[in-house]
1. I'd like the orientation of helix 492-519 relative to the chain: the angle between its Cα long axis and the longest Cα principal axis, in ° from 0 to 90, rounded to 10.
2. Once both axes come from the Cα atoms, what is the angle between helix 530-543 and the longest principal axis of the chain, in degrees from 0 to 90, rounded to 10?
3. Go through 454-460, 9-15 and give me the packing order, highest mean Cβ count within 10 Å leading.
4. Can you give the helix-only mean residue ellipticity at 222 nm for the chain, where every DSSP H stretch with n ≥ 4 adds -39500 (n - 2.57) and the sum goes over all residues, rounded to the nearest 500 deg cm²/dmol?
5. Between [x] 23.9; [y] 25.0; [z] 27.4, which matches Kirkwood radius over Cα pairs in Å calculated for the structure shown?
6. Between SER546 and LYS300, what is the FRET efficiency for a Förster distance of 41 Å, r being their Cβ-Cβ separation, to the nearest 0.05?
7. In whole Å, how far is the Cα centre of the range 304-350 from that of the range 384-413?
8. Given the peptides 256-264, 129-137, 80-88, 522-530, arrange them by the average over their residues of other C-beta atoms within 10 Å, most packed first.
Amino acid sequence: MKALILSAGFGTRLLPYTKTTPKPLFTIDNKPLLDIIIEQLIHAGCKDIIINTHHLAKKINDYILSKKYSARITTIFEPEILGTGGAIKNISKLIEDQPFFVINSDIYTNINLSEVYRFHKSHPFIATLVLYDCKKFNTVTVDSMGFIKEFNSKTNSKSGFMEKNLTFTGIQVIEPVVLHEIKTQRFSTSIELYKKLILQKNRLKGFIANKSSWVDIGTCESYKETAKQITAKTAFKKSHNKNSRDKIAFVKIQGDGSDRIWSRLHLNKATLIMAEHGIRTKESVCEIDSFINIGNHLYKKNIPVPKIYHHDNFSGLVFVEDLGDESLKSYISKKNSHKVLSAYRSVIDILINMSVKAKQDFDPSWTYQTAKYNKNLIINSECFYFFDAFIKNYLKINISKKEFIDDFSYLADETVKFAINGFMHRDFQSKNIMVKHSKFYVIDFQGGRTGPIQYDLASLLIDPYVNLDPDISKDLFNYCLNKFSSIKKIDKKKFEQGFKLCSLTRNLQILGAFAYLSKVKGKTYFEKYIPLASKTLAKNIIELKSLKLKKLEKLIRSIL
């Protein structure tokens, strides 16, 4: 048995993702569609499989060369796309006297191909088209005997019960004689061919596969939905050993400042959290890669983070342990000052442990932004971010940031100079600390890198979501300093100065982020935290009065 997999198309319905990845290599539960289809064909008895290519043909060729299949796989490059009809004609020399499969590469199905082939062999007609009842695409008319009468029907049903409309699945078995009906070296579609054959009184048989499942994943939405449904089943199998046929419920939960979409998944009484990072658009390290690699690293170092059970890097899906809905922010709102202090000390213990232990064996290649917290990051991602997003776009102050380059450069140099480096979370604040059964967990660690422990401490203590009492903040700073110095020899004055500097740079980043999220991303609920973050900024710049930041200090004073 032989087969042709149609894989030459540009995948325009899946743009912009098909600019870098050909449609047949889109994954469902970590397996490329092409691989899934090849395995299904082999299972059905195919010994010889041909793949036509054009768009990003090298990537398809390289993938096939990386695999070892039990069938012979041949790729044929089309310098110009020939369409389904032209592609079928193009393989004429490779087809002998046996019927052969033709199958699209943008479908996901469990249709039994062995059964389809047996069905075709059981009748004398020149082609079998596999049909499915999908209201969205039901345009193929089939009569009560299973013969195809018409394509591109504009109505969803016919009068009476003798005919009905169904969807052509992109799966077909064709007799070699059909090849003679296709003109050489021209673009054509198989539908055009079949219309012509019907006019010539040829009869085409329909195999109706309604007991199976079938999805056209040629659009972004259908691909995403299929990937979620299938990959989630594997995630529950790994996390809870559940292999149920029951439907998984997806319930969206409030996200964060990023573009990720978060959902809580329910299967009977079991739950998981799913993060959607978006379909992959580049080959270099993406946010999802950092989330997975850094998350697994922290988990192995016994840092309390949610366990990552399953993921698909291409579709952008990650499935993690459900830690509930209570963050440190909501937890302390119900506590007195003594219990607040106790909770934060526990969190600082985690911070110190994370800074020291997670630095060990940390691979800089895991990072998707910068490997280190360095001068360039401080200037571009904190100082300029503050200036562009907050000063210019939010406050609408027309002033050139060139005037502040010297101050920003000096601030960055001083911050790096006084840094005591370890593993750095970079967004270590109350919404990124979860509480489950009175135990604290760290989330949103994908921005991790090497950097100063003082920065994460500053993120925690100047956090505008909480607005800690100054006395509590001072107590917590001293607690961290003393605890950290008991396990690592440090210069306490350097630690303190680094903390003040990091408090300022973090504060700049916070205001830039809140302004950007409010005005550009439309997440206006961040706006209510801007006044407090602004007041803290004034306090932080005053504490660094001895530094040469006159222009920046003057600017900050002028906006408050």
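Every read-out reported here was derived from the displayed coordinates using simple, explicitly stated rules and does not represent laboratory data. This structure is a prediction, so every number in the text was calculated from the model and none was measured. Cβ sites come from the backbone with ideal geometry, for glycine too, and all protein chains shown count toward neighbours.
1. Approximately 50 degrees, to the nearest 10.
2. Tilt of helix 530-543: around 40 degrees.
3. On the way: 454-460: 26.9, 9-15: 17.0.
Sorting 454-460, 9-15 by mean packing, highest first, produces 454-460, 9-15.
4. Details: 15 runs with 201 residues, N = 560.
Here the helix-only value at 222 nm equals -11500 deg cm²/dmol.
5. Identified label for the calculated read-out: [z].
6. On the way: r = 43 Å, r/R0 = 1.04.
Here the calculated transfer efficiency is 0.45.
7. That distance is 33 Å.
8. In decreasing order of mean packing, 256-264, 129-137, 80-88, 522-530 become 80-88, 129-137, 256-264, 522-530.
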